[in-house]
Each structure stands twice: as C-alpha cells, then as structure tokens.
Amino acid sequence: MSSSMTSAAPTDAAEHRTPEHTSPVQTASEHSGSRNSTATNPSAGHSPKPQSLRAAWPALLALCLTMLVEMMDNSVLNVALPTIGRDLGASPTDLQWIVGAYSLTFGGLLMVGGTLGDKIGRRRTLLIGLGLFGAAGLGVLLAHSPAQLIAVRAALGAFAALIAPLTMSLIFRLFDDDGLRHRAIGLIVTVSMIGFALGPTLSGLAVEHMPWQWLVVLNAPMALIAWVGVRWGIQPDRPEDRRTGGTDIPGALLSVAALGLILYSFTLGTEQGWTSTGTLLTAAAGLLALGGFVWREKTTADPMLDLSLLTLPTVRGSALLQTAVTVAMAGAMFASTQLFQFAWGWEPWRAGLANLPFVVGMLGASPLVDALVARWGHRRTAAVGSALVVVSLVLWVAGVGTGYLLCAVAMLVMTVGMRIIMTTGAVALINALPEDHTSIGSAMNDTAQELGTAFGVALIGTVTAAVVGSHLPQGAWSAALSAQFVHAQQISFWVLAGIVVVMAAIGVRTLTDSTSTDEHEG
C-alpha cells in the first residue's frame, strides 16, 4: 500500500459509492484509478468547484473557525481552573470533571457524529452541530455551581462530536484539485492545533481582565459565523454522497458505551488508583462494550463502522501515529499548566503566554511539511515527525528542572513534529477511504487523537500521584514539593518518550515513501 499527500480523493460520489455487497476495502482500490480523471473532468450536472483557496474563502473560514472553536474548548479552561474553583467553590475532583466532561462526551460520540454525517448529509449535520454548540456555549451564563458547569461542558462535547468529523471530510467535496485539497487540509490541521495550543494562552489573559465565563460564551458568535460560512459557502448535500442502508442504533450505543467507559476509566485511575474497584470495573465494562461493538459490526447487515476499513494499513498506521503524538502533546500541556502556575508560582497571564511556543511551532512548520513530503514521502516524513516529538520529550526532562528556556524549545520542537504527523496522517487516512466513508474515517482519526489526549493526561496524573500524592495544594508550593513535582514530570516524560518510540515504530512501518500513488494500492 502506497501513501500520498498529493493523490486526489474521489470527486464524483455517484461513481464511487460502495455497493451493498462490497466492502470499502474493495471499492477503495476500484476508485483509485478514476480519481484523477474525475478531478479534471467535472460532471456536467454539478456546479464548478473553486480553483483556488481564495475563491473558497467563505467555506474555508467557516471550516477553520469550526475546528478552532472545537479544539480551543479542549483546553481553554485549563489555566482558569484556580479562578473557577474559587468562584464556584469547586473541589479538585470537580475541577477535573469540568475539564474531563468535554473530552468524555466528545470522544464517546465522535463515531456517532461521523455516521450521521455519512447517512443524513455532512453539510446538514455540521449546520445542526454548529447551532447546538453555539447555544450550549451561552448556557455557561446560567451555571452557578460545579455540577451545572460540568453539564454545560458535557453538552459542548456532545455537540462538538457532530462538528469535528465533518470538517475534514467536507474539504474533499469543496475542491476537485488535489493540490488545493492538500493545502486546505494543512491549513485546517494547523488551525485546529493552534486552537488547542492557544486555549491556555487566551485563558490566562482573559481571567486577568474579564469573567472566566466569557471563555465559553465566545463559542456562540464564533459558531454563528461558521454556520453562515457553511450555509453559503458549501454546496448542499447530494443523495449520491450519502451512505445507504439502515441505521445501526445498537452499534452506536455500544460505541458510545465503549469509548465513554474507557475514557472514564482513565479519569478514575488518576483519581482513585489503577487497582481500585471502581477503575477496574469501569475498564472491564468498557472492554466488554468494545467487544460487543466489534461483534455487532461484524454480524449486522448495515454496520455503523465497516471493520474492513481497519484492514487498510494506512488507516491503522496513521491512527496509531496520531494517537502517539497526542499522548505526548496532551501530557506536556497538562504538566506545563501545573508547572508554571504552582511549582514556579507564575500568574495566570504569564502561564498563558508561556504556551505561545506551541502556537509558533504550528505556524512555522507548514512549509517544512510540504517540502519533506515532496522529497521523502509519507514514511520518512512521519519518521522525522516522530523523532522530533521524542527529542522534545527529552528536552522537557531537562527543561522542567532547569528553567523555561529549554521548555520553550521543547514546545517548538514538539509542535513541529506534531504538525508533520497530523497533516501526513490525516491526508493519508482520508485518502485511503471511499467517498461515502470519509466522515466516519475522520471520526476514527479524531477518536484516536482523543484517546491519546485522555491517556496522556492520565499518565501524567498517575505518575504525579505516585511520586507526590493525589491531592496537590492550589496555592504556592514549598521548595520540597516543587522538587518532588519536577521529579515526577521527568519520570513522566521518559515514559511518554518510550510510548511514542514504540507506537511510532509500528505506525511508520505501515506507510510508504510514495508521493504520487493512492494509499490503497499494493
């Protein structure tokens, strides 16, 4: 199987729909040969596609805003947690749930969101999700207790799951030209990662000058602008673009239960210990639901997720690579929040600005990604990105014990490596799928990232609890406690580096050096 960042996705869905008796793996190889011909010969019945990024600016702005607001919500409250805790009288466990509720519902419902997009229409599902997401953001104005804020965050995560899988797949409908698709995907990946990294910076600055609630309220106007851009900038859904067949409700319920319980077990493991009864029972229930989901998808006539997609090496490899680097990124961002504010005693605004190297790295890496792929292809490019992430973790080991400068360098190196992996992996994964499975494929991509995020945070929390204790004070730390915390972070970053090495070595092997052929050949 060969990989390409420059191969085109199918543009005439009527020619590439998966017949009911044929698996996506079979049709993937069938439609690869006709991709480039359809890209240069649009069907007479369809409106012409934009021939430049500028010509598609309303849709691109909308999709970028969609990814920006969805990713920012993952991290925007992290730096504001001490302030939220004081205002709402929240306990440490409440604060963990204020952050974790979003990830829990978001990760648990991603596959459902992707399936809805493929079934009822991607544009329609995205418009519904944006409307609900914006309305849920206004709900924070009514939240006056930790439980109410947790409920708002859970709702935001659920509606974000209707947004995230559709954004990437709609790029393939927006353009016929493969070069434009590649550039647009790179732009959206960059914006999404900037959103994730920018969250703590905005959080730190905002709590110095305005109520923390505005960090969530801003979702509403951003979602409204994105809604207008999608409504007027993207063509309506066509019947031939949708997956046919029935709705797999049992499969959807089992997927939500499996992902939700597995993610929840990470939280319980950090809070109660990995050998506690609650953690073990929750993890067992999650694995049982996962087994039920696999059985259901193998036996039902109209599965939510055709498991034959996972036999495509590019799909498996890119998902594994993205899980590996998000484990590292989430762990580093979670550790830095506590390091800057508590161990080093910095004010929120300063701690927020200290995360800016994450953003700079994302912006600066774009030309590098294109050059590497054009010269070396996916496999060696992914290897370079993985190596940079490992190097950054080693720099973190030194930086947490010596000062901010090395930490800043580690952030830059890490985000360059992540940018390389995210763009290469996303393009390879989506290109490897048939047209009517791109939304569920994007959901698989996002689910891999969300599992990586949950595991990265859980690992940092578990090591910190083992070395320092499970309940860290919110005020200024003593020199002895700070030293213990630094030691815990150094252990964590060595463990993260080992995880990335193993997972990346497996994932890179599934890719090839090709830059011109489709992922599903060979």
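I'm checking a number: the convex hull volume of the Cα atoms of the stretch 115-158, normalised per residue, in Å³. What is it?
Per residue, the Cα convex hull of the stretch 115-158 comes to 50 Å³.
Semi-axes of the equivalent ellipsoid of the stretch 93-134: what are they in whole Å, largest first, if each equals the square root of 5 times a C-alpha gyration tensor eigenvalue?
Result for the stretch 93-134: semi-axes of 26, 12, 4 Å.
What share of Cα pairs, in percent, lie more than 18 angstrom apart in the stretch 129-192?
Counting every Cα pair in the stretch 129-192, those more than 18 Å apart make up 51 percent.
Could you work out how much longer the chain between A135 and W494 gets when fully extended? Use 0.36 nm per residue separation minus the Cα distance between them, nm to one decimal.
125.0 nm
Just from the alpha-carbon atoms, what are the Rg and Dmax of the stretch 136-295 in angstroms?
Just the Cα atoms of the stretch 136-295 yield Rg and Dmax of 19.8, 54 Å.
With an 8 Å Cα cut-off and a minimum separation of 6 or more residues, compute the relative contact order for the stretch 190-345 in percent.
So the answer I get is 16 percent.
Where the centre of each part is set by its Cα atoms, how far does the stretch 327-344 sit from the stretch 370-390, in angstrom?
Using only Cα atoms, the two centres lie 27 Å from each other.
Which peptide among 445-454, 492-501, 118-127 comes first, and what is the full order, when sorted by highest mean count of other Cβ atoms within 10 Å?
On the way: 445-454: 25.3, 492-501: 20.4, 118-127: 22.0.
Descending packing order for the listed peptides: 445-454, 118-127, 492-501.
I want to check the label-to-label distance for W57 and E347. Put each point 7 Å from Cα in the C-beta direction and report it in nm to one decimal.
In this crude spin-label approximation the distance works out to 3.8 nm.
Using a basic spin-label model with each label point 7 Å from the Cα along Cα→Cβ, how many nm lie between R509 and V228?
Output for this residue pair reads 5.2 nm.
Evaluate 2.2 N^0.38 Å with N set to the residue count of the stretch 221-332, then give the Cα radius of gyration divided by it.
1.42
Given bins 10 angstrom wide, list per bin the percent of all Cα-Cα distances in the stretch 51-105, short to long.
For the stretch 51-105, the pair-distance distribution reads 21, 34, 21, 15, 8, 1.
Once you place label points 7 Å from the Cα toward the Cβ at A151 and A479, how far apart are they in nm?
Placing both labels 7 Å along Cα→Cβ, they lie 4.9 nm apart.
Read-outs throughout are calculated quantities, based only on the coordinates presented, and are distinct from any laboratory measurement. This one's a predicted model, so the numbers in the text were calculated from it and none came from an experiment. Here Cβ is always computed from backbone atoms with ideal geometry, including for glycine, and neighbour counts include all displayed protein chains.
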